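The values are calculated or read from the model by the stated rules, or taken from the named source; none is laboratory data. Keep in mind that this is a model prediction, so the values were computed, not measured. When we count neighbours, we look across all protein chains shown, and the Cβ atoms used for this are built from the backbone with ideal geometry, even at glycine.
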Amino acid sequence: MKIPPARYPSPLGRMQATPMDVEATKRQGWREQHILVISEEDERLDFLERQLIRTIGERLYGQGQGQNHGHSQSKGGGHG
């Protein structure tokens, strides 16, 4: 009879991150520090709310990578 060798759990298993509840973290951030983290693509938002999120995000942080949304992305002087 052939007995397979005993397998020992890897000590690296303890170092694996536990999955976090992203929505709970966002909720906690809002309730405790009034920090809002939201995607403009969140399905819970209507069209006007998405537009508002996009406008605020672009004003504060600039336009997203590869997300032109019909706006021209000029780099340089103000003359076309």
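Please state which of the following conditions G13 fails to meet, knowing it meets all the rest: (1) at pLDDT below 75; (2) within 23 Å of the chain's Cα centre (by Cα); (3) not in a loop (DSSP other than H, G, I, E, B).
(2)
Can you find a residue in segment 46-59 that is part of a loop (DSSP other than H, G, I, E, B), free of Cβ contacts under 8 Å to residues at least 40 places away in the same chain and under 18 Å from the mean Cα position of the chain (by Cα)? Break it down into steps so the answer makes sense when it comes.
Of segment 46-59, the ones part of a loop (DSSP other than H, G, I, E, B) are 46.
In the following step, the residues that additionally are free of Cβ contacts under 8 Å to residues at least 40 places away in the same chain were identified as 46.
After this cut, where a residue has to be under 18 Å from the mean Cα position of the chain (by Cα) as well, the list is none.
No, segment 46-59 contains no residue that is part of a loop (DSSP other than H, G, I, E, B), free of Cβ contacts under 8 Å to residues at least 40 places away in the same chain and under 18 Å from the mean Cα position of the chain (by Cα).
Residue-by-condition table, conditions (1) surrounded by 10 or more Cβ atoms within 10 Å (Cβ to Cβ); (2) at pLDDT below 80; (3) on the phi > 0 side of the Ramachandran plot:
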| residue | (1), (2), (3) |
| --- | --- |
| E32 | no, no, no |
| R44 | no, no, no |
| L48 | no, no, no |
| G57 | yes, no, no |
| G76 | no, yes, yes |
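Check off (1) modelled with pLDDT under 80; (2) loosely packed, with under 10 Cβ neighbours inside 10 Å for H69 and give me the number that stays unchecked.
The failed condition is (2).
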